[in-house]
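Student: I am attaching a structure below and will ask some questions about it afterwards.
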Amino acid sequence: MMEQQDQQEQQVVAKLEIPQTTAAAAELSTADADRVFDAQNVSIYYGSFRAVTDVSISIYQNEITAFIGPSGCGKTTVLRTLNRMNDLIATARVEGDVHYRGASLYAKTVSPTAVRRRIGMVFQKPNPFPKSIYENVAYGPRINGVKGKSRLDEIVEHSLRQAALWDEVKDRLSKSGLGLSGGQAQRLCIARTLAVEPDVVLMDEPCSALDPIATGRIEDLMQEIKARYTIVIVTHNMQQATRVSDRTAFFSVLRDEKPGRADTRTGVLVEYGATAQIFGDPQDERTKAYVTGRMG
Amino acid sequence: MSATVQADPATPAGSASGLSRRRPIGDRGFQALALASGLLVLVILVLIAITMSQQSTSWFSSEGWSGIFSIDWDPAHGKFGAMAFLYGTVVVSLIAIIVAYPVSMGVALLLTEVVPRRWAQPIVYVIDLLAVVPSVVWGLWGILVLVPWLQTAIYPHVASALNGIWVLGNLFGFLNGNYVSGASFFTAGLILAIMITPIVTSLSREVMATVPVTDKEGAYALGATRWEMIRGAVWPHSQVGIIGATLLGLGRAMGETIAVALVIGASPTISSHLFTPGYAMPAVIALQFGEATVGVFRAALIGMGVLLFVLTIIVNLSARAIVGRNARRMRGA
Amino acid sequence: MAVTTNQSAVDLREPSGWRRAKNQFATGAMWFTFACMLVPLGFVLVTVVAKGASTITWQFLTNSTIPPNILPANIGGMGAAVVGTLEITGGAAVIAIPLGILGAVYLNEYGGNRPLARVLSFFSDVMTGVPSIVMGLFIFTIWVLHFGYSGLAGSFALACLMLPIVIRSSYEMLRLVPDSLREGSYALGATKARVTLTVVLPAAIGGIVSGALLAVARAAGETAPLLFTILTVEATNPNLFSGANTALSTQIWVNAQQPYAGAVARGWGAALTLIAIAFILMIVARLVTARFARYSR
């Protein structure tokens, strides 16, 4: 019986076909110098409701880290903690330490706006501003003090090229950003984020509202810009995680004493490691169940 | 690639220094400015209450509680009882909402249940046009056109038809011989009704639009006609909200000055006969302020302004309280 | 298995006569109420146009001295009142519109659910119900008694009237701007003031302008607040800040109470002018909404 289960699991795992673009577990760095984020025992509360408990995770430079797991287990909540977007929710509270390159992110002297300039975010549903394509990309640099048309032109073109959108829109930069298709709009949002030259790019299910072709283009884009940025992506799509990410963190919910309403579940980090290891040789049984169960 | 965005070259993106920057002054200044603007409303309301009460104290001190509400109004002899005006304001406003309520109800139902979306626009334009005609134009038309017409062509017939009938005769019959006046309580109420109908209709429409479609479909699915559906599904949900809308209309009617002043007849009387000239608080303030140059007379007029202020606030608060409680009940809280 | 059919006919006719009659009567009654609205509107518009059109001439609109009431309509004109209305209403708009928009920004962007914001929102609603005559009396007591009658006092009174209306309509427009726009801007490192000024307000500007225009139309037609603040005079006073002034609405008020045909004719002409101004503002507001309001209910 056990052997049969093991065999089935191995067959399923073989189908996953971890591609060669992601690093093998042995090649991933663990050096302190390469650590971008270092979260220790982080718990996040909305009022008295504990949304996420005791998360400890390190994000490394120039890697793509994926957060996976079932709905409602706090992946997006943890992501938003990394650029202090949870501050916008009045009842949100973070306990524990979050360090960004050695400095505490939630210290009293830290300015959230400065944080967000360095740690950008792309959202699930593309949200271009009701301005022209040019103005959408130029917005970030403008508010950070860049003046001068020629400089802005350079930045806009460079960002749109990085986002693989330049060729499609270079003749209509003055047209409204709202007129783009879903995939184009999302690439515009990525260009907009890259225009402020952040250090980290956080992505909250960036492809979930897009068709497979648009999804593929954005995944290619992520691989291209990985050399210059550190990327953390929340995704429901496990194949996407295996395609693009170097490390994967699997979140799930606490084993409840009382099962019941979805909004009382507390999220927890179950397992974190190289993607190849998480999908090829998961250590925790919950990870194994999730990774194989979804494919079976 | 030479274009960079760093506003501060000393702190490149890949380091954590420079994260600590206090909130810029511009950001805090803007917030303070916005807060100040918001507070202005409170400041103005408080100032209104305080300064106008101050100006009217001599009225209160010379008349006392009984004097203020007496029916004796005779400025030439120092008598400043306001009862006649209070009475007129109440009567005229009541007439206004009694007339406006069914009309507003009918048009609101028309727009939400009967007329298809595309054809609703012209009706909404009519309502908007009605709302934008200035009060003084209603008054001009009222005194020069409506009043003479009513006095010669309508009121006498109504009066002779209803004369002697129990209750209706007292309201609409003949008093003091065959005299009915075009400039009277009823005319003022009528013009007020025309003026408040747009707002009561708009508010009622909003209330009716919140009726859940599932309730309406449920009624239709049982084979109800449209009118039966309205009575069964729309009505119970909207009732309370419409009362709130009507109360808000009442508040508007009580405060309306100019049109009423021109057609009410400017005669401080208390009478149940509606075709008699009367008076109302805002009307007397507008018409007599020029002559009240000093002393208790002016204090009395300003005092009536305070009374009006308090009354309309009470009516408004009641309207909101009723609507608020209904909203909570509907949500199941 | 034998198949049995139901022999009785299925009745698919209309509901019984009585129910149908009630339904039709109800529908007819609703249309009747609409006619009740239409009739006075038509009546007043036709009258004003008929009686006022003949008085309107270029001279009427621009002549800067309002003649004594006895004189017939073709002498002099209402130019002084037109200038007065435009100046005084313009002054009120300049005061009330920026303050109103800022107040709405506070309520929607900064206030949130805090008790102060709810109190202010509540009192803003209360203030929309305060009668316009009370605003006039108020400015009389705190300004006119100390500084005398002036167009400026009239502007203050009208601004008090407009403020809660602009706050309410701007607030509704700001609420309609989706949060995703704000989040996108925050994520790029913008401060709250920047987010509001560069993303939220531009997105809501169509609706805000439209609401402001409607508030101006309302203020232009008001008479009661001006009665106590500008002291209707007969000559143009271009100086908003000192000296008594006049306006179309107050002139109509005065002329409506005159027995002289000339004065009455001038009153009709002024009424037509005032209605035209209000209508134009309303139509422009609707056009702005149709073309520029990005988010509507």
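The values are calculated or read from the model by the stated rules, or taken from the named source; none is laboratory data. Remember, it's a predicted structure, so these values are computed and weren't measured experimentally. Cβ atoms come from the backbone with ideal geometry, glycine included; neighbour counts cover every protein chain shown.
Student: Looking only at helices (runs of 4 or more DSSP H) that fall completely inside segment A:46-159, which ones have 3 or more residues that are among the hydrophobic types (A, V, I, L, M, F, W, C)?
Tutor: A:75-82, A:133-143
Student: Exactly one condition in (1) surrounded by fewer than 21 Cβ atoms within 10 Å (Cβ to Cβ); (2) in contact (Cβ under 8 Å) with a residue 60 or more places away in the chain; (3) more than 27 Å from B:THR246 (Cβ to Cβ) is not met by B:THR112; state its number.
Tutor: With (1) surrounded by fewer than 21 Cβ atoms within 10 Å (Cβ to Cβ); (2) in contact (Cβ under 8 Å) with a residue 60 or more places away in the chain; (3) more than 27 Å from B:THR246 (Cβ to Cβ) applied to B:THR112, the lone miss is (3).
Student: Check segment C:269-287 and report whether any residue there is touching a helix residue (DSSP H, G or I) at 6+ places or on another chain (Cβ under 9 Å), over 21 Å from C:GLY84 (Cβ atoms), among the charged types (D, E, K, R) and at the interface with another protein chain (Cβ under 7 Å from one of its Cβ atoms).
Tutor: no
Student: Also, quick follow-up: List the helices (runs of 4 or more DSSP H) inside segment B:125-197, counting only whole elements, that have at least 3 residues being facing chain C (nearest Cβ under 8 Å) and touching a helix residue (DSSP H, G or I) at 6+ places or on another chain (Cβ under 7 Å).
Tutor: In segment B:125-197, B:135-141 are the helices (runs of 4 or more DSSP H) which contain 3 or more residues that are facing chain C (nearest Cβ under 8 Å) and touching a helix residue (DSSP H, G or I) at 6+ places or on another chain (Cβ under 7 Å).
Student: Among the residues of segment A:185-220, what is the count of those that are of a type outside the set (Asp, Glu), part of a helix (DSSP H, G or I) and farther than 16 Å from C:GLY184 by Cα? Lay out the reasoning, then the answer.
Tutor: Restricting attention to segment A:185-220, the residues satisfying the condition of being of a type outside the set (Asp, Glu) are A:185-196, A:198, A:200-203, A:206-210, A:212-218.
When the remaining residues are screened for being part of a helix (DSSP H, G or I), the result is A:185-194, A:212-218.
If we keep only those that are farther than 16 Å from C:GLY184 by Cα too, we end up with A:212-218.
Residues flagged as of a type outside the set (Asp, Glu), part of a helix (DSSP H, G or I) and farther than 16 Å from C:GLY184 by Cα within segment A:185-220 amount to 7.
Student: Let me ask another. Which of the residues belonging to segment A:41-60 are touching a strand residue (DSSP E or B) at 6+ places or on another chain (Cβ under 7 Å), touching a residue at least 60 places away in the same chain (Cβ under 8 Å) and surrounded by fewer than 17 Cβ atoms within 10 Å (Cβ to Cβ)? Break it down into steps so the answer makes sense when it comes.
Tutor: Of the residues in segment A:41-60, the ones touching a strand residue (DSSP E or B) at 6+ places or on another chain (Cβ under 7 Å) are A:41-46, A:50-60.
Applying the additional criterion that residues be touching a residue at least 60 places away in the same chain (Cβ under 8 Å) yields A:50-57, A:59-60.
Selection gives A:ASP54, A:SER56.
Student: Further question: Please give the number of the condition A:ALA227 fails out of (1) under 22 Å from A:ALA276 (Cβ atoms); (2) away from chain B (no Cβ under 14 Å); (3) assigned to a loop (DSSP other than H, G, I, E, B).
Tutor: Looking at each condition in turn, A:ALA227 falls short on (2).
Student: Quick one: count up the residues across segment C:126-148 that are more than 7 Å from chain B (Cβ to nearest Cβ) and more than 11 Å from B:PHE309 (Cα to Cα).
Tutor: Counting residues in segment C:126-148 that are more than 7 Å from chain B (Cβ to nearest Cβ) and more than 11 Å from B:PHE309 (Cα to Cα) gives 10.
Student: Consider C:ILE230 carefully, then state whether it is closer than 22 Å to C:GLY148 by Cβ, of a type in the set (A, V, I, L, M, F, W, C), buried (at least 22 other Cβ atoms within 10 Å of the Cβ) and more than 11 Å from chain B (Cβ to nearest Cβ).
Tutor: Values: closer than 22 Å to C:GLY148 by Cβ: yes; of a type in the set (A, V, I, L, M, F, W, C): yes; buried (at least 22 other Cβ atoms within 10 Å of the Cβ): yes; more than 11 Å from chain B (Cβ to nearest Cβ): yes.
The answer is yes for C:ILE230.
Student: Answer with yes or no whether C:SER155 is farther than 24 Å from C:VAL199 by Cβ, more than 10 Å from every other protein chain (Cβ to nearest Cβ), surrounded by 24 or more Cβ atoms within 10 Å (Cβ to Cβ) and touching a residue at least 12 places away in the same chain (Cβ under 8 Å). Can you show your working first?
Tutor: Working: farther than 24 Å from C:VAL199 by Cβ: yes; more than 10 Å from every other protein chain (Cβ to nearest Cβ): yes; surrounded by 24 or more Cβ atoms within 10 Å (Cβ to Cβ): yes; touching a residue at least 12 places away in the same chain (Cβ under 8 Å): yes.
In short, yes.
Student: Further, regarding this structure: Please find, within segment B:198-228, the residue that is nearest to B:ILE97 (Cα to Cα) out of those that are within 12 Å of chain C (Cβ to nearest Cβ) and acidic (Asp, Glu).
Tutor: It comes out as B:GLU206.
Student: Looking at (1) farther than 24 Å from C:ALA157 by Cβ; (2) within 26 Å of the chain's Cα centre (by Cα); (3) without any contact (Cβ under 8 Å) to a residue 12 or more places away in the chain; (4) crowded, with 20+ Cβ neighbours inside 10 Å, which is the one condition that is false for B:ALA96?
Tutor: (3)
Student: Does C:ARG118 qualify as being among the basic types (Lys, Arg), without any contact (Cβ under 8 Å) to a residue 12 or more places away in the chain and either surrounded by fewer than 22 Cβ atoms within 10 Å (Cβ to Cβ) or out of contact with any Phe, Trp or Tyr (no Cβ under 8 Å at 6 or more places or on another chain) (or both)? Break it down stepwise before answering.
Tutor: Working: among the basic types (Lys, Arg): yes; without any contact (Cβ under 8 Å) to a residue 12 or more places away in the chain: yes; either surrounded by fewer than 22 Cβ atoms within 10 Å (Cβ to Cβ) or out of contact with any Phe, Trp or Tyr (no Cβ under 8 Å at 6 or more places or on another chain) (or both): yes.
For C:ARG118, the condition - among the basic types (Lys, Arg), without any contact (Cβ under 8 Å) to a residue 12 or more places away in the chain and either surrounded by fewer than 22 Cβ atoms within 10 Å (Cβ to Cβ) or out of contact with any Phe, Trp or Tyr (no Cβ under 8 Å at 6 or more places or on another chain) (or both) - is met.
Student: Here is a further query. Is there a residue in segment B:321-328 that is part of a helix (DSSP H, G or I), of a type in the set (Lys, Arg) and within 13 Å of chain C (Cβ to nearest Cβ)? Lay out the reasoning, then the answer.
Tutor: Applying the first criterion (part of a helix (DSSP H, G or I)) to segment B:321-328 yields B:321-328.
Now drop any that are not of a type in the set (Lys, Arg), which leaves B:325, B:328.
Now restrict to residues that are within 13 Å of chain C (Cβ to nearest Cβ): none.
Checking segment B:321-328: not a single residue is part of a helix (DSSP H, G or I), of a type in the set (Lys, Arg) and within 13 Å of chain C (Cβ to nearest Cβ).
Student: Now for a different question. Only one of these conditions is not met by C:THR223: (1) away from every other protein chain (no Cβ under 11 Å); (2) buried (at least 21 other Cβ atoms within 10 Å of the Cβ); (3) touching a Phe, Trp or Tyr at 6+ places or on another chain (Cβ under 7 Å). Which number is it?
Tutor: (1)
Student: Name the pairs: first residue in segment C:246-262 and of a type in the set (Val, Ile, Thr) and modelled with pLDDT of 90 or more, second residue surrounded by 24 or more Cβ atoms within 10 Å (Cβ to Cβ) and part of a helix (DSSP H, G or I), Cβ to Cβ under 6 Å, at least 6 apart or on different chains?
Tutor: C:THR250/C:LEU226; C:ILE252/B:VAL136; C:ILE252/B:LEU140; C:ILE252/C:GLY267; C:ILE252/C:ALA270; C:ILE252/C:ALA271
Student: Anything in segment C:67-107 that is buried (at least 24 other Cβ atoms within 10 Å of the Cβ) and closer than 26 Å to C:SER185 by Cα? List them, or say none.
Tutor: Residues satisfying the conditions are C:GLY100, C:ILE101, C:GLY103, C:ALA104, C:VAL105, C:TYR106, C:LEU107.
Student: Of the residues B:GLY241, B:GLY278, B:GLY249, B:GLY255, only one is small (Gly, Ala, Ser) and more than 30 Å from B:TRP73 (Cβ to Cβ); which? Explain how you work it out, then say what you get.
Tutor: Details: B:GLY278 fails: more than 30 Å from B:TRP73 (Cβ to Cβ); B:GLY249 fails: more than 30 Å from B:TRP73 (Cβ to Cβ); B:GLY255 fails: more than 30 Å from B:TRP73 (Cβ to Cβ).
On inspection, the qualifying residue turns out to be B:GLY241.
Student: Something else: If you check B:ILE264, B:ILE314, B:ILE302, which single one turns out to be over 22 Å from C:GLY129 (Cα atoms) and within 14 Å of chain C (Cβ to nearest Cβ)?
Tutor: Values: B:ILE314 fails: over 22 Å from C:GLY129 (Cα atoms); B:ILE302 fails: over 22 Å from C:GLY129 (Cα atoms).
None of the others qualify; the one that does is B:ILE264.
Student: For residues in segment B:204-234 being within 23 Å of the chain's Cα centre (by Cα) and either assigned to a helix (DSSP H, G or I) or at positive phi (or both), which is surrounded by the most Cβ atoms within 10 Å (Cβ to Cβ)?
Tutor: Taking segment B:204-234 as the starting set, the residues that turn out to be within 23 Å of the chain's Cα centre (by Cα) are B:204-210.
From what is left, the residues that are either assigned to a helix (DSSP H, G or I) or at positive phi (or both) are B:204-209.
Details: B:SER204: 26, B:ARG205: 21, B:GLU206: 15, B:VAL207: 24, B:MET208: 22, B:ALA209: 12.
Looking at residues that are within 23 Å of the chain's Cα centre (by Cα) and either assigned to a helix (DSSP H, G or I) or at positive phi (or both), I get B:SER204.
Student: Still on this structure: C:LEU213 fails exactly one of the following numbered conditions: (1) over 20 Å from the mean Cα position of the chain (by Cα); (2) buried (at least 20 other Cβ atoms within 10 Å of the Cβ). What is the number of that condition?
Tutor: If we test C:LEU213 against (1) over 20 Å from the mean Cα position of the chain (by Cα); (2) buried (at least 20 other Cβ atoms within 10 Å of the Cβ), just (1) comes out false.
Student: Moving on to the next point. Out of A:ARG192, A:ARG172, which single residue is more than 14 Å from chain B (Cβ to nearest Cβ), at pLDDT 90 or above and either surrounded by 21 or more Cβ atoms within 10 Å (Cβ to Cβ) or farther than 22 Å from A:ILE68 by Cα (or both)? I'd like the intermediate steps shown before the answer.
Tutor: Numbers: A:ARG192 fails: more than 14 Å from chain B (Cβ to nearest Cβ).
Exactly one residue qualifies, and that residue is A:ARG172.
Student: Then there's this: If I filter segment C:178-197 down to residues being at the interface with chain A (Cβ under 7 Å from one of its Cβ atoms) and polar (S, T, N, Q), which single residue comes out as surrounded by the most Cβ atoms within 10 Å (Cβ to Cβ)? Lay out the reasoning, then the answer.
Tutor: Kept after step one, since they are at the interface with chain A (Cβ under 7 Å from one of its Cβ atoms), are these residues of segment C:178-197: C:180-181, C:183-184, C:186-191, C:194.
In the following step, the residues that additionally are polar (S, T, N, Q) were identified as C:180, C:191.
Values: C:SER180: 14, C:THR191: 21.
Top of the filtered list is C:THR191.
Student: Given B:GLY182, B:GLY232, B:GLY265, B:GLY173, which one is free of Cβ contacts under 8 Å to residues at least 24 places away in the same chain and more than 30 Å from B:LEU317 (Cβ to Cβ)?
Tutor: On the way: B:GLY182 fails: free of Cβ contacts under 8 Å to residues at least 24 places away in the same chain; B:GLY265 fails: free of Cβ contacts under 8 Å to residues at least 24 places away in the same chain; B:GLY173 fails: free of Cβ contacts under 8 Å to residues at least 24 places away in the same chain.
Of the residues listed, the single one that is free of Cβ contacts under 8 Å to residues at least 24 places away in the same chain and more than 30 Å from B:LEU317 (Cβ to Cβ) is B:GLY232.
Each row is one residue, and each column tells you yes or no for (1) of a type in the set (A, V, I, L, M); (2) at the interface with another protein chain (Cβ under 8 Å from one of its Cβ atoms); (3) under 24 Å from A:GLY183 (Cβ atoms).
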residue: A:GLY102; (1), (2), (3): no, yes, no
residue: A:TYR106; (1), (2), (3): no, no, no
residue: A:VAL110; (1), (2), (3): yes, yes, no
residue: A:MET121; (1), (2), (3): yes, yes, yes
residue: A:LYS125; (1), (2), (3): no, yes, yes
residue: A:ILE143; (1), (2), (3): yes, yes, no
residue: A:LYS149; (1), (2), (3): no, no, no
residue: A:LEU152; (1), (2), (3): yes, no, no
residue: A:VAL156; (1), (2), (3): yes, no, yes
